[in-house]
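Structure, as structure tokens:
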Amino acid sequence: MKRKEKRGIRKKRYVLPLLGITLLIVLRLMLPFMVKNYVNGVLAELPGYHGHVADIDISLLRGAYVIHGLYLNKVDAGSEVPFLDLEKTDISIEWKALFNGKVVSEIVMTRPRFIYVFEDHQNDSAADPDIADWTKALTDLVPIAINNLSITDGKAAFVQLNADPNIDLHLNKIELRATNLRNVVRTEEELPSQIRATAVSIGQGRFNLEGKMDLVRQVPDMDVSFSLEEASATALNDFTRHYAGIDFVGGRLNVFGEMAIANDYLTGYIKPLLQDLKLVDPEQDRFLNILWEGFVGFFKFIVKNKGNNTVATKVPLKGDVSQVESEVWPTIWNLFKNGWIKAFRGVVDNDIDYKDAKEGARDGE
């Protein structure tokens, strides 16, 4: 009897670990399907939108899961262009943050596409705010706070399909890196998060953005600068023809700007520069086109800087973020200032910072 009891105990010693190992293997095999069902469930419950993911990969060693083929679009969209199309999204625990006592995540997006089709979103302003908040679905996919975000080879576009021809304003080859979003690494700086981005615009312009932010606010505080350099003006013809009835036959577009936000108050500027500008109005007949060319020539003579052949101005911006105002007379004065007094330089001026926004917020209280 004792020998049988010992054999039974020995069997249990082996059976229980084997059952445990088998159970873990089954759970590991089932985990991708469970996570995929969870993600698709989150997307299915988002009011006003529908979405789906193609596949999920799990990496337990990295504490990560990878979402393949996530798309999101409005239920009532007239087009079949996905609002969001994320080819690959890697969501993982940021192990370095554990040494700072924080459990946060890092997201790496590969070839994401954000396409805003004008007709699909025309009624967003009158929509239920819960329906309009599509960002909630993305944050729900991440079980812990996002600290670092990277985008590789991204695209963002504004598309208007009812224009003839269609309007497509876009940024391609977006490379973005945002760090310390949850203020894991604490410093004395008021804006703890860093952001840098580059892209190629319509007309093959070079886009750059860099600055600092504090995202732990409903309206993030920030101090950023941006530039768009050497974009072909003729690439804007679909847009300018539709809204202004004019064409560029030559010229290069440059835009520089700075923006600071503190306590919901914004201050900054946008400085557009058009170099070697040539305009025509293809809608006019021969006689009217002669008048148009005369008007354009006179306008360029009045405002164009003769030294560098540029038409430029500087548009000041200020006010509450919900009611930002541009200053008309300074904008007009800057147009003539560039033409006759001192040409604006094709650089970021570095005359706006976070302190300016804080002072503006205090003055507005």
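No lab work stands behind these numbers, since they all come straight from the coordinates. Small disclaimer: the values here were computed from a predicted structure and weren't measured. Heads up, the Cβs are rebuilt from the backbone with ideal geometry, glycines too, and the neighbour counts pull from every protein chain shown.
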Exercise. Which entries in Lys36/Lys102; Lys278/Lys314; Lys96/Lys155 show an alpha-carbon gap greater than 28 Å?
Worked result: Lys96/Lys155
Problem set entry | Vicinal HN-Hα couplings computed from phi for segment 40-56 (Karplus, 6.51 cos²θ - 1.76 cosθ + 1.60; Hz; Gly/Pro x) | 5, x, 4, 5, 5, 8, 7, x, x, 10, 9, x, 6, 10, 7, 7, 10
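I need the peptides 84-90, 99-105 ranked by packing, meaning the mean over residues of other C-beta atoms within 10 angstrom, with the highest value on top.
On the way: 84-90: 18.3, 99-105: 14.0.
Ranked from most to least packed, the peptides come out as 84-90, 99-105.
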For this session: For an R0 of 22 angstrom, estimate the FRET efficiency from the Cβ-Cβ distance between Glu80 and Asn40 and round to the nearest 0.05.
Result: 0.65
Exercise. Using a simple spin-label model with points 7 Å from Cα along the Cα→Cβ vector, what separation in nm is obtained for Phe336 and Leu161?
Worked result: 4.7 nm
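List the trypsin sites (Lys or Arg not before Pro) in segment 182-280 that DSSP assigns to loop (not H, G, I, E or B) and whose Cβ has at most 15 other Cβ atoms within 10 Å. Which are they? Write out the running numbers ahead of the final one.
Values: sites: Arg182, Arg186, Arg196, Arg206, Lys212, Arg217, Arg241, Arg252, Lys278; in loops: Arg182, Arg186, Arg217.
For trypsin sites (Lys or Arg not before Pro) across segment 182-280 that sit outside H, G, I, E and B with at most 15 neighbouring Cβ atoms in 10 Å, the list reads Arg186, Arg217.
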Exercise. Where does each of Trp329, Trp95 land when they are ranked from fewest to most other beta-carbon atoms within 10 angstrom?
Worked result: Trp329, Trp95
Exercise. Expressed in nm to one decimal, what extension gain is obtained for the pair Met30 and Asp363 from 0.36 nm per residue of sequence separation less their Cα-Cα distance?
Worked result: 114.0 nm
For this session: Would you mind computing, in nm to one decimal, how far apart the modelled labels at Asp351 and His242 are, each placed 7 Å from Cα along Cα→Cβ?
Result: 3.5 nm
Exercise. Modelled label-to-label distance, Asp264 and Asn100, 7 Å Cα→beta-carbon offset: nm?
Worked result: 2.9 nm
